[in-house]
Amino acid sequence: MMDAHFGYMAIVSDRPQALADFYAKHFDMWELGHSDAGDISITDGFLNVSILKHRPGVEGAMGRPGLSHFGLAVRDIHEVEANLEEFMPSADIRTEEGDLHHGEYRVISPNGLPVSLSTKNFGISGTPRRLPRIRHMATSFPHVSDDEAAFLTNVFGFREVSTSGERRKANRASRFIGDGNICLALLAIGMPNAGEGDERYRDAEERAINSKTGLQHFGFVVEDIPAVLNSVPPDLARWTNKRPEQRDMAEYRVFDPDLNAIDLSQHMGFEVDYDKWENAAGSGLSTAQRLAV
């Protein structure tokens, strides 16, 4: 079985320090290091979140600043190459800078997003803390994500979680993939039964910032959602929204200074593996246990 996990997320910003300060203040993240070019890598103790300075050649995976792409920590790049040869022979592994702010390799996934790869765990070491911690990422594209789900399960050994199975039974296009630590949602925006009817936006501008394609949002499990909501500055608090009751994961959505979307969960949690949930009450909870606490 492939030994891999989500270990990295890239954000492209015109003001990396402002974002780093925001995540330090509101989510207790800290700096891993910075570059002369203005890139800053921060962490929750488990994930390397690299805030890359927007500049020529660093425009972001969708050709715009904002949430860009994620990365996977792998043990053996040759095993990845063998799995790609079997399951995705058209894929091409390229090299990246290999410094603190990038992976050593890169592959393009079926939906067109880069996936950074590192055999050095993206510079993260030590025992990860439990809270607050990033437990969720989501991409959004106007098509069914079965190819993307197969890419992650076949090549990297991730699992499709029970929430995803329920979506399949209901003929809904979204998929959810877990690595045992993080739940990746593969959302199919604009498709029939995509669940967009559950959303209630106040205006077109709010709809636009909540409906980006590409790497769309990510999420933390936190101990006290009201405390986080109360700490958000007023100019950002105007964008805060409660997630629809029909959603399986996350209770609220807030935004950082660049209007990158951040889901918050205390009770609902995120399903990070098949029937394995993480919320503020516990780790590795079954669906029944999660709903009982």
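The values are calculated or read from the model by the stated rules, or taken from the named source; none is laboratory data. Quick caveat: nothing in here was measured; it's all calculated off a predicted structure. Note that each Cβ is placed from the backbone with ideal geometry, even for glycine, and that neighbours are counted across all protein chains shown. Areas reflect the complete protein model, heavy atoms only, side chains present, ligands, DNA and RNA absent. Shrake-Rupley method; radii C 1.70, N 1.55, O 1.52, S 1.80 Å.
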Exercise. For segment 46-61, how many residues meet the condition of being open to solvent by less than 10 Å² (accessible area, probe 1.4 Å) and either of a type in the set (Ser, Thr, Tyr) or more than 21 Å from LYS212 (Cβ to Cβ) (or both)?
Worked result: 2
For this session: Working only within segment 35-60, note down all residues that are in contact (Cβ under 8 Å) with a residue 12 or more places away in the chain and more than 26 Å from GLY178 (Cβ to Cβ).
Result: SER35, ALA37, GLY38, ASP39, ILE40, LEU52, LYS53, HIS54, ARG55, VAL58, GLU59
For this session: Considering every residue within segment 245-256, establish whether at least one is modelled with pLDDT of 95 or more, under 21 Å from SER174 (Cβ atoms), open to solvent by 40 Å² or more (accessible area, probe 1.4 Å) and touching a Leu at 6+ places or on another chain (Cβ under 6 Å).
Result: yes
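Quick check on PHE22: is it touching a Pro at 6+ places or on another chain (Cβ under 7 Å), open to solvent by 10 Å² or more (accessible area, probe 1.4 Å) and within 16 Å of ASN260 (Cβ to Cβ)?
yes
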Exercise. Do we find that ASN154 is surrounded by 14 or more Cβ atoms within 10 Å (Cβ to Cβ) and either more than 19 Å from the chain's Cα centre (by Cα) or outside any loop (DSSP other than H, G, I, E, B) (or both) in this structure?
Worked result: yes
Seminar exercise, completed: Scanning segment 272-289 residue by residue, the ones that are under 21 Å from the mean Cα position of the chain (by Cα) and under 12 Å from VAL221 (Cβ atoms) total 8
For this session: Scan segment 5-19 residue by residue and report those that are of a type in the set (S, T, N, Q) and either without any contact (Cβ under 8 Å) to a residue 40 or more places away in the chain or open to solvent by 30 Å² or more (accessible area, probe 1.4 Å) (or both).
Result: GLN17
